[in-house]
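The values are calculated or read from the model by the stated rules, or taken from the named source; none is laboratory data. Every value quoted in this text rests on a predicted model; they were computed, and no experiment measured them. Methodologically, a virtual Cβ is constructed for each residue, glycine included, from the backbone with ideal geometry; neighbour enumeration extends over all protein chains shown. Heavy atoms of the whole protein, side chains included, go into the accessibility calculation; ligands, DNA and RNA do not. Shrake-Rupley method; radii C 1.70, N 1.55, O 1.52, S 1.80 Å.
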Amino acid sequence: MLSMNALLIVFLITLLIAMLSGLVFLSAKVPTQYIKIHMYMLVLPIIVGLIGLFSTTNQLIIGPFKLDKLAWLMGSFILILGFIIQKFCVRYLLGDKNYRQYFPLFTLITVFASVAWLSGDLRFMVVSWGATLLCLTLLIRVNRFWKVPHEAAKISAKLFLIGWLALVVAVGLLYIFTGHWYIDEVAVDYSHLSFGMKLIIDLCIVLAVIIPAAQFPFQSWLIESVAAPTPVSAIMHAGIVNAGGIILTRFAPVFDNAIAITVLLLIASVSVLLGSGISLVHVDYKRQLVGSTMSQMGFMLVQCALGAYSAAIIHLVLHGVFKATLFLQSGSVVGRFNIPTPPSAKRSYGWILLGRLLALVIAVLFWMNSDHSAYELISSLILAWSLMVSWNQLVAFSKTIMGKVVGVCMIIIVAVVYIVTHHFFKYLLSTVDISVTHPPIISSIISIAILVFGSVFSIWVSRHRNSHAFAVLYLWLVKLGEAKSASVESHPTYLKKYL
């Protein structure tokens, strides 16, 4: 069995090999068939990362790296998702003029992102995270002959720079006032800082996480980025859009200012509602996914703000795999829209009421068997809402009894799979030492009130579709999820030379 030092060296070597393999593919002299060899090179660090994940028992600091199960989990997750996406692109992007440029950028993104979350040295983390954002920006604007992705890349670059500089400021202030670059050492002297300085540092951390998570009002970069090829949208879920969860988890020992936590909680709660609204009103499938991502990342940050970091990490991984899958299959979604119209809500009203009653009972039982924290209360509300939506789609609107039975079975199977998966990841993270700070109770109450109000208001609006309020809300959400006019081009001008 390799020692952890040797395992880390092997891991870094395999990452370097993968990077060099991607860069070699840029040369026009290298045959296109080389991409198959590149796929094998990508598997090497995944194997080493999984060995590290299941062989690590305690936290270990080796040079600038902080090795624990959380670090190996994130590294393995990012690399596996990156490999799947690149494997998909071997045929999907074949024929694209920029075919050779995608794979090096995909590889660099996953390598830099995985290294960032293995970093114990804050300088190394910030540099690696900045390199990840830079490569993502270059990936969005690979097609330089079309102005739409060029505009999207400009918007992304500006917001990424703001978020990255906020993280640089936070790390710089931590070093100035504590004299340490390692977060565990910083935490020892952090308590001596003034309230005002803690507030500034923590607000910078908040800004650094809500921008890549596409939270309101910084969701524009994610909305604009749908102009890029679908695999680009998928790779964003490999530790980039969802990076807020891991950043806050690593900075948990110093993220304890009540005002900053409250700000994060409120922004994330509002983003949950707005993201859900955007996904409901838009007909463009990729924009629906973007709205869903905005909402899900909002909930992940709510989990972090409430101190449920392990739950946020589990959410991060599962959502990343799920949403990347949806993006990769978006090209075939049109055919699935040609389905029979479900029965009207009036004929299914009894089944809808039954579903709501069951959802409320299950949510209450979940709450009664929890520790009664604010996080568990919000989880109960989200669970009830999810069950209601699933019940309506799979059971209430099904035309036949057999269809309803199948729908109930599917809900039960999904619930069992979720529970088993959740416990597996919880077991993996049980050895990770995470500092937890809970928000003020009033902040939790306000967050819950926002979510409840949004749900109740959506129900009221849906029952008054002819009202002025419905029209205003609908059009506002449509506008909120639309790209800027500079990023819209009905007839791409770069195609004219082929006509």
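First measure r as the distance between the Cβ atoms of LYS29 and LEU165, then evaluate 1/(1 + (r/R0)^6) with R0 = 30 Å and state the FRET efficiency to the nearest 0.05.
Working: r = 40 Å, r/R0 = 1.32.
Taking R0 as 30 Å, the efficiency between LYS29 and LEU165 is 0.15.
About the centre of its Cα atoms, the chain shows a dipole size close to 2020 debye [charges on the beta carbon of Lys, Arg (+1) and Asp, Glu (-1) only; nearest 20 debye].
Taking the Cα centre of the range 1-148 as origin, sum charge times position over the Cβ atoms of Lys and Arg (+1) and Asp and Glu (-1), and report the length of that vector in debye to the nearest 20. Could the numbers behind the result be given before it?
Values: 12 positive and 3 negative charges, 122 e Å.
With Lys and Arg at +1 and Asp and Glu at -1, about 580 debye.
Treating each Cα of the chain as one equal point scatterer and applying the Debye formula with no solvent, the log10 of I(q)/I(0) at q = 0.07, 0.10, 0.11 Å⁻¹ comes out as -0.39, -0.82, -1.00. Taking label positions 7 Å along the Cα-Cβ direction at both HIS192 and ILE47, the computed distance is 4.9 nm, reported to one decimal.
Distance check, please: which entries in LYS158/LYS323; LYS323/LYS399; LYS66/LYS97; LYS87/LYS147; LYS29/LYS66 exceed 32 angstrom between their Cα atoms? Walk me through the intermediate numbers first.
Details: LYS158/LYS323 25 Å; LYS323/LYS399 29 Å; LYS66/LYS97 41 Å; LYS87/LYS147 28 Å; LYS29/LYS66 40 Å.
Violating the 32 Å limit, Cα to Cα: LYS66/LYS97; LYS29/LYS66.
Provide, for q = 0.16 Å⁻¹, the log10 of I(q)/I(0) from a solvent-free Debye sum over equal Cα point scatterers in the range 208-273. Those come out to -0.60, one per q. Taking amide H as placed 1.01 Å from N in the peptide plane, the amide H of SER119 sits under 5 Å from that of LYS66, each at least 5 places away or on another chain.
Rounded to the nearest 10 square angstrom, MET197 shows an accessible area of 40 square angstrom against a 1.4 Å probe.
Split the accessible area of the range 160-273 by element, probe 1.4 Å, and carbon with sulfur accounts for 76%. In sequence order, the range 41-46 has phi-based couplings of 5, 6, 6, 4, x, 5 Hz under the Karplus curve 6.51 cos²θ - 1.76 cosθ + 1.60, θ = phi - 60°, and Gly or Pro positions carry x. Projecting the Cα atoms of LEU274, ALA308, ILE247 onto the dipole axis of the chain, where Lys and Arg carry +1 and Asp and Glu carry -1 at the beta carbon, places LEU274 farthest toward the positive end. Here's the picture: charge each Lys and Arg Cβ at +1 and each Asp and Glu Cβ at -1 in the chain, and of ILE62, THR230, GLY172 the one pushed furthest to the positive end of that dipole is THR230. Stretching ASN58 away from VAL472 to a fully extended chain increases their span by 143.6 nm, per 0.36 nm per residue minus the current alpha-carbon distance. Whole-Hz Karplus values for the range 311-321 come out as 5, 5, 5, 4, 4, 4, 5, 5, 5, x, 5 Hz, taken residue by residue from phi with 6.51 cos²θ - 1.76 cosθ + 1.60 and θ = phi - 60°; glycine and proline positions read x.
Using all pairs of distinct alpha-carbon atoms, the Kirkwood hydrodynamic radius of the range 126-168 works out to 10.5 angstrom.
Per DSSP helix of 4 or more residues, -39500 (n - 2.57); summed, then divided by the residues of the chain. What does that give at 222 nm, rounded to the nearest 500? Can you show the working numbers first?
Values: 20 runs with 351 residues, N = 499.
One gets -23500 deg cm²/dmol as the mean residue ellipticity at 222 nm.
The share of alpha-carbon pairs in the range 6-164 lying farther apart than 23 Å comes to 41%. Local charge for MET197 was computed over the other residues whose Cβ lies under 14 Å away, with Lys and Arg +1 and Asp and Glu -1, and equals -2. Specify which residue in the list ALA363, ILE211, GLY331 is farthest towards the positive end of the charge dipole of the chain, using unit charges on the beta carbon of Lys, Arg (+1) and Asp, Glu (-1), about the Cα centre. The one lying farthest along the dipole's positive direction is GLY331. The accessible area of ARG465, taken with all protein chains in place and a 1.4 Å probe, comes to roughly 150 Å².
When nucleic acids and ligands are ignored and a 1.4 Å probe is applied, LYS154 ends up with an accessible area of around 90 Å².
Packing, taken as the mean count of other beta carbons within 10 Å per residue, orders the peptides 472-479, 23-30, 36-43 from highest to lowest as 36-43, 472-479, 23-30.
Residue-normalised convex hull volume from the C-alpha trace of the range 1-50: 59 Å³ per residue.
If DNA, RNA and ligands are ignored and the probe is 1.4 Å, what is the ranking of TRP164, TRP391 by accessible area, most exposed first? Don't jump to the answer; show the numbers that get you there.
Working: TRP164 75, TRP391 30 Å².
Listed by decreasing accessible area, they come as TRP164, TRP391.
For the range 192-199, 3J(HN,Hα) computed residue by residue from phi via the Karplus equation (6.51, -1.76, 1.60; θ = phi - 60°) reads 7, 6, 6, 4, x, 5, 4, 5 Hz, glycine and proline entered as x.
Convex hull over the alpha-carbon atoms of the range 82-239: what's its volume per residue in Å³?
Details: hull volume 15.6 nm³, N = 158.
In the range 82-239, the Cα hull volume divided by residue count equals 99 Å³.
What do you reckon, how do THR431, THR230 stack up by accessible area (1.4 Å probe), largest on top? Kindly include the intermediate steps, with their values, before the conclusion.
On the way: THR431 75, THR230 15 Å².
From most accessible down to least: THR431, THR230.
Placing TRP146, TRP351 in order of accessible area, with the largest value first and a 1.4 Å probe, yields TRP351, TRP146.
Using a 1.4 angstrom probe, figure out how much accessible area the chain has per residue, in square angstrom, rounded to the nearest whole. Using a 1.4 Å probe on heavy atoms only, each residue of the chain averages 46 Å².
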